[in-house]
Amino acid sequence: MSFLWRFSFIGKIALAGILVFLAIALFAPLLEPNDPMETDPVRRLKNPDGFPLGCDQLGQCVFSRLIHGTRLSLIIGFSARISAMLIGLIIGLSAGYFGGWIDWTLMRIVDIFLAFPSLLLAIVVSMALGHGLATVILAIAIVGWAETARIIRGATMELRNEEFVVASKAIGAGNLRIILTHILPNCLPLIVVIFAMGMATAILSEASLSFLGLGADPSLPTWGGMVSTGREYLWSRPSLSIFPGFCIALVVIAFNIIGDELRDLLDPGRKGQWS
């Protein structure tokens, strides 16, 4: 990972920010000064001692819920992005490598998913399946796989005509072996960039669904849910929405910057073609 030192100054700041958020998510139970789920009407919208950012409308510790929300948001984002990447890789590699009717059929399915606005499609899935972390992850994965499949298909179509692939076919290598040992490894730089950029979209999608009341259980301290519940107190207690909104903005911006940096370092020949 020595190439990470080639990041620009802004890129290094973004990387440091992501590492900080990952550390917060990992050690959340140790960093939370109070139980993020504990309610107390006596503390409602007050700033008692031991509560760094005060309490929300249910008397819950805002600071503890922000920390726990970091863990939930990153877990949902990583899980949804990995799921979307796996689906997109399978579809994209198959369509790009085999071509013909397989390519046509798979790409028409991709076109159908891309025809719907991503947030609208995620809302439909969430409304159909109900609340829950699994539902949010599934909804975001369904929204994100099609774009990945289209990008991977284009790269695979270029690689399948390379000399090393033709030589492998000539010596009798099977299709699966060629895909796994020649096509997929050469797509890794592209995959890393897609994953980094997609993380920003996944976290923002989770926040949007939670804000609309279609995400995880409303009692869970997700950033989007905190923004949603805090909007009723924007005039009397704006910090209830500002703090989680600020966290969402920081993480989304950081992942977008990292995606741009990785794109320029790992695959400069594609710069600007699929940003």
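Nothing in this text is a laboratory measurement; each read-out follows from the coordinates by a stated rule. In this text, all values refer to a predicted model and were calculated from it rather than measured experimentally. With ideal geometry, Cβ positions are generated from the backbone for all residues, glycine too; neighbour counts draw on all protein chains shown.
Here are the numbers:
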quantity: Sequence of Val166, Val125 once ranked by neighbouring C-beta atoms within 10 Å, starting from the fewest; calculated: Val166, Val125
quantity: Proximal charge balance of Ala95 [Cβ under 12 Å; K/R count +1, D/E count -1]; calculated: +2
quantity: Relative contact order %, the chain, counting alpha carbon pairs below 8 Å whose residues are six or more apart; calculated: 22
quantity: Neighbour-count ranking [beta-carbon atoms within 10 angstrom, fewest first] of Val20, Val42, Val165, Val136; calculated: Val42, Val20, Val165, Val136
quantity: Amide H partners (placed H, <5 Å) of Ser8, local residues excluded; calculated: none
quantity: Within the range 98-164, GluC sites (Glu not before Pro) in DSSP loop having at most 13 other beta-carbon neighbours inside 10 Å; calculated: Glu162
quantity: Per-residue HN-Hα couplings for the range 140-157 [Karplus 6.51, -1.76, 1.60; θ = phi - 60°; Hz; x = Gly/Pro]; calculated: 5, 5, 4, 6, x, 6, 5, 5, 4, 4, 5, 5, 5, 4, x, 5, 5, 5
quantity: For the range 184-238 versus the range 132-167, the gap between their alpha-carbon centres in whole angstrom; calculated: 22
quantity: The range 63-168: relative contact order as a whole-number percent, Cα under 8 Å and 6+ apart; calculated: 43
quantity: Per-residue ³J(HN,Hα) for the range 196-212, Karplus 6.51 cos²θ - 1.76 cosθ + 1.60, θ = phi - 60°, Hz, x for Gly and Pro; calculated: 4, 5, x, 4, 4, 5, 5, 5, 5, 5, 4, 5, 5, 5, 5, 4, 7
quantity: Net +/- balance of residues flanking Ser118 in space, Cβ distance below 13 Å, scoring K and R +1, D and E -1; calculated: -2
